[in-house]
Structures are given as C-alpha cells and as structure tokens.
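Enquirer: Shown below is the structure under consideration.
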Amino acid sequence: PSELPSYLLNGSPLGSGSIGISDPDLDSAAGAAQAIQRAKAIFYLSRNAYVRSLFDHFVGEEYSGSGGTFQSFVEVSIKDSVFPEIVVIDTFYTRFNEAIVRISPASDEFELGFTVGKSYKIFLDKYRMEYEWGGATEFEDQSEMRIGFFDTVDSQDDVSIYQHGDQIEVVRMENEQEIEFPQLRYNYKEFEEGKQQYFKYGLWVHFVSQLVEEIAVESRKRNERIKKAGEVYESHTLLNQGVASNILSFEVLGISLKEGKLNLELNIELLDTH
C-alpha cells in the first residue's frame, strides 16, 4: 500500500490554503501541474462561491408514505479574473504517482492580482436521485468538477463521477479530449499500523464528490425555501419543492481517510442570500 501524508490520515489542520490531487499514473511534472491547478481552483472557489440548489420530492400516496422519489441538484460556481497570489508549501507523491499539493496565500494581506485577458470559470455540480419503495432505498449520483483557466492558452479539466449504490464510474475530459481513466482500486495505508484501505480511481474523485455534498447540505440548511405544491402528477403523487441560493466562502479545515472513506471538515461562512 502507498504511504500518505500524515495530515490525510489524522485530520490535522490544513491551514489557510487549499489542496489539490492529481490523477494516478501521471509523470511527476504533469501530476504536479495538474494538482496545483486543482488546488488553485478549490482555493479560488472557496473565497466567494455562488451556490444554488433545488430539490423535488415525489411521494406516492398509494404507498402510505413508505415510498417516494427525491431529486436534488446543487451547483457551486465562480467566474472571475481575480488571481490571488499563492505559494506551494508541500508536495507529496503516492506510489501511484498521484501528486498531493498544498498551497497557501502568499501573504496575510491576501493580495489580489488582476490580469487583463485572463479569467477562470470553476463549477462543482451534483445531481442526486433517490428511490424508496417498501423500505428499500437506492440512489444515483452524478458529480462533476469543471475547471477552466483562460489565457493565451486555455486549460480545461473536467471530471464526471457517476455512482449507483456502491458502483462508481469516472469520465475525465482535458481540453475537450476524453482521457481514459484506469478502472483500478488503489490501496493506501491507514492511520492504524498494519491496516490498508482502497479507493477506486484514486483520491481526487472522492474529494470532489464529498466536497460538493458537504457544501450542498450546508447551503440548504442556511437558506431554503420550501414549497408544498400539493399537485397531483399521474396517479396520486404529491410534490414538495425546495430551493436555496447563497454566496458563501468555505475553508477545508481537515481531511481524513479511514476505511476507504474520505471525510472532510469544513468551515462555511454565509456571505449573502438571494
């Protein structure tokens, strides 16, 4: 199994910066470049993200409340041309050539750089469908992170994660070209000596999926308007709808990997509501 930085095993504080993780099986230079770009994307997104979410809840009366369908969608986004100065403070490589990079603001003054002709667009999306019939629950998830840096040379990095129950598939696009993702499980050491854990497709896709999930939950808690439509669709089906729209900042306080699950501790600050 691969070694991991101690801060990913024991949930140590990450500080005021951000983290980025490359795909497995890249050469060290390409992995570092990809991880730095992803860390910057998370850092820029964390400063002033626009979050919108909505859900529909269909309840079948014929099941007397024991069944229904729940759909939800959340999008976290930023479009800007403000480039805060950052420095790389730590780079670690797993045995699978995943670069794990931590970045930090260059100074406490949080200097901002405006560059004519340069911009970025960063999106985190999650669509979820849950079914519950007769006490059994199934779900389907689609999570995406789309990173675009636009300069004299454009750079785009899109990751789509599809999950149905315990099954997961990943598709990645780089500058409009689909990149084949090895369908492998990668094993890493646990904090507890002698144990190991497995993550299919490596670490980054699990970070992305968990991050958008945590932000979605918090956004809905802070500002959600629920409409009980009471409308009938087809045969005896009622509909509740909810919507939330916020501007927020977040900080990843800590990450812990345990028993094949990535856990995040976030500090989320609500800046505005719409």
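Enquirer: Under 5 Å between amide H atoms, partner at least 5 residues away or on a different chain: which partners does Leu4 have, H built in plane at 1.01 Å?
Expert: Amide H neighbours of Leu4, under 5 Å, 5+ apart: Lys189.
Enquirer: Could you grab the relative contact order for the stretch 123-168? Cα pairs under 8 Å, six or more apart, rounded to a whole percent.
Expert: RCO, the stretch 123-168: 33 percent.
Enquirer: Taking 0.36 nm per residue of separation and subtracting the Cα-Cα distance, what length does fully extending Phe191 through Tyr162 add?
Expert: 7.6 nm
Enquirer: Ordered by packing density, taken as the mean number of other Cβ atoms within 10 Å over each peptide's residues, highest first, how do 43-51, 179-187 rank?
Expert: By packing density, highest mean first, the sequence is 43-51, 179-187.
Enquirer: Which lysines does Lys40 reach when only Cα atoms under 16 Å apart count, and residues fewer than 8 places away in its own chain are ignored?
Expert: Cα-Cα hits under 16 Å: Lys79, Lys118, Lys121.
Enquirer: Tell me, what ³J(HN,Hα) does each residue in the stretch 250-255 have, in order and in whole Hz, if you take phi through Karplus 6.51 cos²θ - 1.76 cosθ + 1.60 with θ = phi - 60° and put x for Gly and Pro?
Expert: 9, 9, 7, 6, x, 10
Enquirer: May I pose another question? Starting at the first residue of the stretch 123-131, write each ³J(HN,Hα) from the Karplus equation 6.51 cos²θ - 1.76 cosθ + 1.60 with θ = phi - 60°, in whole Hz, x for Gly and Pro.
Expert: 10, 10, 10, 8, 10, 9, 10, 10, 10
Enquirer: What is the set of long-range amide H partners of Leu253 at a cut-off below 5 Å, with H atoms built 1.01 Å from backbone N?
Expert: Glu265, Leu266, Asn267
Enquirer: Let me ask another. Skipping prolines and chain starts, which residues have an amide H placed within reach, meaning under 5 Å, of the one on Gly202, given they are 5 or more residues away or on another chain?
Expert: Those lying under 5 Å, H to H, from Gly202 are Tyr186.
Enquirer: Dividing the Cα radius of gyration by the Kirkwood radius, what Rg/Rh value follows for the chain?
Expert: 1.00
Enquirer: So what are the ³J(HN,Hα) numbers for the stretch 22-36, from phi and the Karplus equation (6.51, -1.76, 1.60; θ = phi - 60°), rounded to whole Hz, Gly and Pro as x?
Expert: So the J values, rounded to whole Hz, are 7, 5, x, 6, 9, 6, 4, 5, 5, x, 5, 4, 5, 5, 5.
Enquirer: Using 0.36 nm per residue of separation minus the Cα-Cα distance, give me the extension gain between Ser155 and Val217 in nm, one decimal.
Expert: Going from the current span to full extension adds 19.3 nm.
Enquirer: If you add up the charges near Ile36, with Lys and Arg at +1 and Asp and Glu at -1, over every other residue whose beta carbon is less than 12 angstrom from its beta carbon, what do you get?
Expert: +1
Enquirer: Follow-up question, since we're still on this one. Can you figure out the FRET efficiency of Gln71 with Ser16, using R₀ = 30 Å and their beta-carbon distance, to the nearest 0.05?
Expert: So, using R0 = 30 Å, E works out to roughly 0.25.
Readers should treat all values here as calculations from the given coordinates under stated rules, not as data from a laboratory. Since this is a predicted model, take the numbers as computed values, not measurements. Glycine also receives a Cβ, built like all others from the backbone with ideal geometry; neighbour counts cover every protein chain displayed.
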